[in-house]
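I have placed the structure first, in the form of structure tokens, so that the comments after it can refer back to it.
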Amino acid sequence: MVGHSGWAAVPLVIHVQAQTARISGAVVDPTEHLLPGVEVTLTSVEGDPPTDNAPAGSGVASTITSETGQFEFDALSAGSYIIIAELSGYARGVHPPVQALEGRSIDVRLPLAQAPLSEVVTVVASTGAGEPIETDEFQVEFLRLFQLPTDRFQEALPLLPGVIRDPRGRLSFNGTRPSQSTLLVNGANATDHVTGQFAVELPLSVIDTVEVHAIPYSAEFGRVSGAVTDVHTAAGDNHWDLDVGGVIPDPHFRGGTLMGINKATPR
Amino acid sequence: MKVSGPLRLGKAWFSQAFSYRFVRSQVKADLPGEDEEVVEGFDAFTQVDVELNDHHTLTGTLSVFPTKVDSMGIDSLHPALATPDTDSGG
């Protein structure tokens, strides 16, 4: 008979579920619309701090925002992270460091500003057949500083693509009359329902942006076959601002004699 | 003239603008009576913005724009007697 006694080795395995951190969020444009297809990079602050010009994708993790502009980084170690977002046409967005804690989820919202335009407008003067006699280039940023040659925004509309003034002085949007178009002021319809013409006058100084949408058949606008002129007014900010212009009137002469005022547009 | 600034720092802002317009356009033709179109108008615009929270801003605007036109559309084929004087606004 053979006896057997002793300790049997029983393996004991303990699974320790390591708690990880999670960072998710959304990337939006200046109008708070969600942006899909944005390359989002997560970079740890503790490791090699990212430089301002570090390319996207060089961090500890990288992803692309979904169709709804969402992104998510799972299974992260606790620590401090910087989120960088890049999309063509927008300025690089850098979110300040966020502190990821084990077992916690952080939700961030990262706005991207429109990238400044850098096109150059080249103006060439030539005799028509020979070599150009003079060439000059203007940065778009410089062109924006030009004074408008009018005191009414309607008169400046032909400066925009798709807008011309016909021989009778009427505006033509995308080949149609103003009565076939719509004027929106801060999103509200400001078209005269009787004449179809623009129903409001606005001081030039309150206008922030004027945009002509030449594709009217969109779900956003509708009820128009020409174009949509979208005017946004400028809001005040935390700084006081006083702007006065056009205080000197143009004299009116007739037959060499001063007959009063020809034009006065203080604004 | 435009004045803008804060009603309450970081919370509410206003913008107020006025402009006056007097434009005389003379027709270079030998017309009986008046030979010019005169446009006179006054535009006022007020905007108040209040930040309700981080994602919402309440904006109120008021615009007043009375305009008067004498001999509207006068030209060499339409003398003053055939052109209207209008007084409009909103």
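Scanning the range A:246-267 for residues that are touching a strand residue (DSSP E or B) at 6+ places or on another chain (Cβ under 7 Å) and within 29 Å of B:GLY60 (Cβ to Cβ), which turns out nearest to the other protein chains (Cβ to nearest Cβ)?
The residue in question is A:ARG267.
I need the full set of residues from the range A:80-107 which are surrounded by fewer than 17 Cβ atoms within 10 Å (Cβ to Cβ), among the small types (Gly, Ala, Ser) and within 17 Å of A:SER44 (Cα to Cα), in order please.
A:SER80, A:SER105
Answer yes or no: is there a residue in the range A:195-213 that is without any contact (Cβ under 8 Å) to a residue 12 or more places away in the chain, within 30 Å of B:LYS11 (Cα to Cα) and either in contact with a Leu (Cβ under 7 Å, 6 or more places away or on another chain) or more than 8 Å from chain B (Cβ to nearest Cβ) (or both).
No, because not a single residue in the range A:195-213 is without any contact (Cβ under 8 Å) to a residue 12 or more places away in the chain, within 30 Å of B:LYS11 (Cα to Cα) and either in contact with a Leu (Cβ under 7 Å, 6 or more places away or on another chain) or more than 8 Å from chain B (Cβ to nearest Cβ) (or both).
Given the conditions (1) at the interface with chain B (Cβ under 8 Å from one of its Cβ atoms); (2) touching a Lys or Arg at 6+ places or on another chain (Cβ under 6 Å); (3) farther than 29 Å from B:LEU58 by Cβ, which single one is not true for A:ASP243?
Unmet for A:ASP243, out of (1) at the interface with chain B (Cβ under 8 Å from one of its Cβ atoms); (2) touching a Lys or Arg at 6+ places or on another chain (Cβ under 6 Å); (3) farther than 29 Å from B:LEU58 by Cβ: (3).
Residue by residue through the range B:34-65, note down the ones that are outside any strand (DSSP E or B), within 11 Å of another protein chain (Cβ to nearest Cβ) and closer than 28 Å to A:ARG254 by Cβ.
Matches in the range B:34-65: B:ASP35 only.
When the range B:1-33 is examined, which residues are found to be at the interface with chain A (Cβ under 8 Å from one of its Cβ atoms) and not in a strand (DSSP E or B)?
Hits for the range B:1-33 are B:MET1, B:LEU9, B:GLY10.
Each value in this text was obtained by applying a stated rule to the coordinates, not by laboratory testing. Note that this is a predicted model, so its numbers are computed, not measured. All Cβ positions, even for glycine, are placed from backbone atoms using ideal geometry, and neighbour counts span all protein chains on display.
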